[in-house]
Structure formats: structure tokens, C-alpha cells
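I have placed the structure first, in the form of C-alpha cells, so that the comments after it can refer back to it.
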Amino acid sequence: MSTATTPSVTPEVDGDFQTPAVAAVLRYYALVDQGDVPGLVALFAPDATYHRPGYQPIGGSAALTAFYLDQRVIREGKHTINAVVANSQQVAVQGTFAGVLRDGRSVDLRFSDFFTVGADDRFTRRDTYFFAPLV
């Protein structure tokens, strides 16, 4: 298992830690921040599933597209990746997000994402966790 920490605003990983799966995950955040829904959905396998607090599991390309275009409560913002941990089939990240919700409120939060990748380095599953005082 490898670990890399990135203090910069731009998600970058140095050295030979940069695997195709890690590169795809970092590209995902850049595409989300740019609002490129077709580009980010293309990083997922056609039958991928996304698990996110407050939503039923989101499965398949059409549902992912609908989520990012119509259902996601975030209008715009910027992800900063602080840590990446990866093995041959999984990539985990920890970071922060600052942005604006669709209702105009500002949001600034910490999150973790866990990606499972297939043989073609496309995501087959993504699980998101937010750091929020629930219990």
C-alpha cells in the first residue's frame, strides 16, 4: 500500500506513486470542478455505483449524469486533495471542498472518497463520506 500527501491546492502526486488509477481519480476532481459532466461520467464503468450520504445508491451512466446535472446540491466549487492512499484496485482520498450550493449558500467541508477501479482503470464503485457532527 502506498501513501502520498499533497499540500498544494492542485491535486498532484509525485514520483512512481502516480498509477493510472490514481491519475483517473485526480482527473475526476478536476473535471467535477470544471463542470465537465460527460468527461467525469466517462471515468466510471457503465454499471458503476455511487454511494453518497443522503441519496439512494446511484447506478449506471444515465443515473450518474442525472445526478451531476440535476440532483447534486452543489452548484460549483473547488476540491483540494490532501492525501491519497492506493492499492491495486482501490484509491482513497481525503480532502476539502469549498463552494456554493444551488440555493446560494456557501459550503466549506472535509470529505473522504473511496474508489474501486476495474481492470481498465474506470471506477466501478465510489463511496463518499463527509466530516459532519452527526453522533
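The values are calculated or read from the model by the stated rules, or taken from the named source; none is laboratory data. On a predicted model such as this, the values are computed, not experimentally measured, just so you know. Quick note on the areas: whole protein, heavy atoms, side chains included, nothing else; ligands and nucleic acids left out. Shrake-Rupley method; radii C 1.70, N 1.55, O 1.52, S 1.80 Å.
Summary table below
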| quantity | calculated |
| --- | --- |
| Protein accessible area in the chain, 1.4 Å probe - carbon and sulfur % | 54 |
| DSSP beta bridge pairing in the chain, given as percent antiparallel to the nearest 5 | 90 |
| D_trans [Stokes-Einstein, Kirkwood Rh over alpha-carbon pairs] for the range 33-82, 25 °C, 0.890 mPa s, µm² s⁻¹ | 210 |
| Cα extents of the chain along the three principal axes, largest first (Å) | 42, 32, 32 |
| Probe 1.4 Å, accessible area per residue of the range 40-135, Å² | 54 |
| Among PHE114, PHE97, PHE44: highest mean-square fluctuation, GNM of the chain, C-alpha pairs under 10 Å | PHE97 |
